[in-house]
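Everything below concerns the one structure shown next.
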Amino acid sequence: MKRKPILVIEHCEPTLSEWLMLEYKHAAKLWGDKLVFTRVSRKKTSEVLQHLGQVTSKKAKDFYAQRKCVVLDPQAKKPLTSKDCATFDVLIIGGLLGYENPQGRTKTMIADETAFQTRHLGLLQLSIDGAVFVTKAICLGMNLKDIEIAQEIEIVHDAVHSTILPFGYPLINNTPMITPGLVKYLIKS
């Protein structure tokens, strides 16, 4: 990456669940420095997240009002490109755990509240860390169309029970990139 933009995760969930924390930790590991969590209003959540990146209680639209920003919104009309990574100072991802049927919360909670441009990361709803992985791959020069994404994955618990995760997961050597610790979390839950 010639010029690494700031990556913002706009924390929009009411609590910091174990699942959300697993995704945030992996997102921080994937992106490295220049990671900021915005809209973090609870002191305890702020204390936990400051070990992963910079934290502010302000919304991204207020914290970065004077910067060139883009919201990564599944409902955007244009895809994110490596040229965008060189153009925008700040890339904003929704810190939202998805539903089986997408609710459009990134659009209503983040994109519609700003005058920022929007881009999408494909047709599938991604996990937070999956979105960070795809964003980084694009910023490193890959084209979105060349990034393989599984439509859903099944976590097998035993011979009878399994969990279907109806989200897009990037594939690395035909293996879905699953949040570290998520399988163990789902099995114990």
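All of the numbers you see were taken from the coordinates with simple rules; none came from a lab. Quick caveat: nothing in here was measured; it's all calculated off a predicted structure. In this analysis, Cβ positions are derived from the backbone assuming ideal geometry, glycine residues included, and neighbour counts consider all displayed protein chains.
For this structure, a couple of remarks:
- Test set (1) touching a Leu at 6+ places or on another chain (Cβ under 9 Å); (2) more than 28 Å from LYS184 (Cα to Cα) - LYS68 fails condition number: (1)
- Across segment 106-129, the qualifying residues are those that are closer than 19 Å to ILE164 by Cα and either out of contact with any Leu (no Cβ under 7 Å at 6 or more places or on another chain) or of a type in the set (A, V, I, L, M) (or both), and the one among them that is surrounded by the fewest Cβ atoms within 10 Å (Cβ to Cβ) is LEU123.
- Flag for SER162 being under 16 Å from MET21 (Cβ atoms), free of Cβ contacts under 8 Å to residues at least 12 places away in the same chain, surrounded by fewer than 16 Cβ atoms within 10 Å (Cβ to Cβ) and among the hydroxyl-bearing types (Ser, Thr, Tyr): no
- Residue that is surrounded by the fewest Cβ atoms within 10 Å (Cβ to Cβ), among those in segment 1-15 that are within 18 Å of LEU96 (Cα to Cα) and of a type outside the set (S, T, N, Q): PRO14
- Selection count where residues are over 12 Å from LEU144 (Cβ atoms) and not charged (D, E, K, R), scope segment 119-130: 4
- The set of residues from segment 16-31 being surrounded by fewer than 23 Cβ atoms within 10 Å (Cβ to Cβ) and of a type in the set (Ser, Thr, Tyr) comprises just one member, SER17.
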